Amino acid sequence: MQWEEETLAWVYNRTDGCCRYCEKKLSWINYASDGARGAWEVDHSVPVALGGTDYLSNLWPACIYCNRDKGTMTGPQYKRLFEEPRRSPPGGGVLQVLAGVALLYLLYRALSQPKQQ
């Protein structure tokens, strides 16, 4: 799609010239230049295929790789692929706590039994 220069400038500057997803630096002069260093396209955060619009609030700069890899995912869905997996909080998760409680209970039962002679 052809965009007006003013729209391209607004979209490009929205992330200081970086891809919204991988944060790679984009090259202003390489708009829609597939294969060029820093090549980029205008991405629809909500894809047109899913009812997305051409309103500025829906437009973001994306490197060509990310924009095409994203397909019909929404921007937030695709961005989650770049986040680190969530980890258990320090000290363990719920299962580790429950396992510890169970072991303490078994130890208590074993020690509270009268000794048989």
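Annotations for the structure displayed:
- Among the residues making up segment 23-75, a single one is of a type in the set (Asp, Glu) and in contact with a His (Cβ under 9 Å, 6 or more places away or on another chain): Asp54.
- Unmet requirement for Gly17, which otherwise passes all of (1) at negative phi; (2) touching a Lys or Arg at 6+ places or on another chain (Cβ under 9 Å); (3) surrounded by fewer than 18 Cβ atoms within 10 Å (Cβ to Cβ): (1)
- Qualifying residue in segment 83-91 (condition: surrounded by 10 or more Cβ atoms within 10 Å (Cβ to Cβ) and modelled with pLDDT under 80): yes
- Candidate set from segment 41-56 (those that are farther than 16 Å from Lys79 by Cβ and either polar (S, T, N, Q) or assigned to a strand (DSSP E or B) (or both)); member that is farthest from the chain's Cα centre (by Cα): Thr53
- Qualifying residue in segment 82-94 (condition: more than 27 Å from Glu5 (Cα to Cα), touching a residue at least 24 places away in the same chain (Cβ under 8 Å) and out of contact with any His (no Cβ under 6 Å at 6 or more places or on another chain)): yes
- Candidates Gly71, Gly75, Gly38, filtered to the one that is loosely packed, with under 14 Cβ neighbours inside 10 Å and of a type outside the set (A, V, I, L, M): Gly71
- Residues in segment 42-62 that are within 14 Å of Tyr12 (Cα to Cα), surrounded by fewer than 20 Cβ atoms within 10 Å (Cβ to Cβ) and of a type in the set (Asp, Glu): none.
The values are calculated or read from the model by the stated rules, or taken from the named source; none is laboratory data. Nothing here was measured: the structure is a model prediction, and the numbers come from that model. Heads up, the Cβs are rebuilt from the backbone with ideal geometry, glycines too, and the neighbour counts pull from every protein chain shown.
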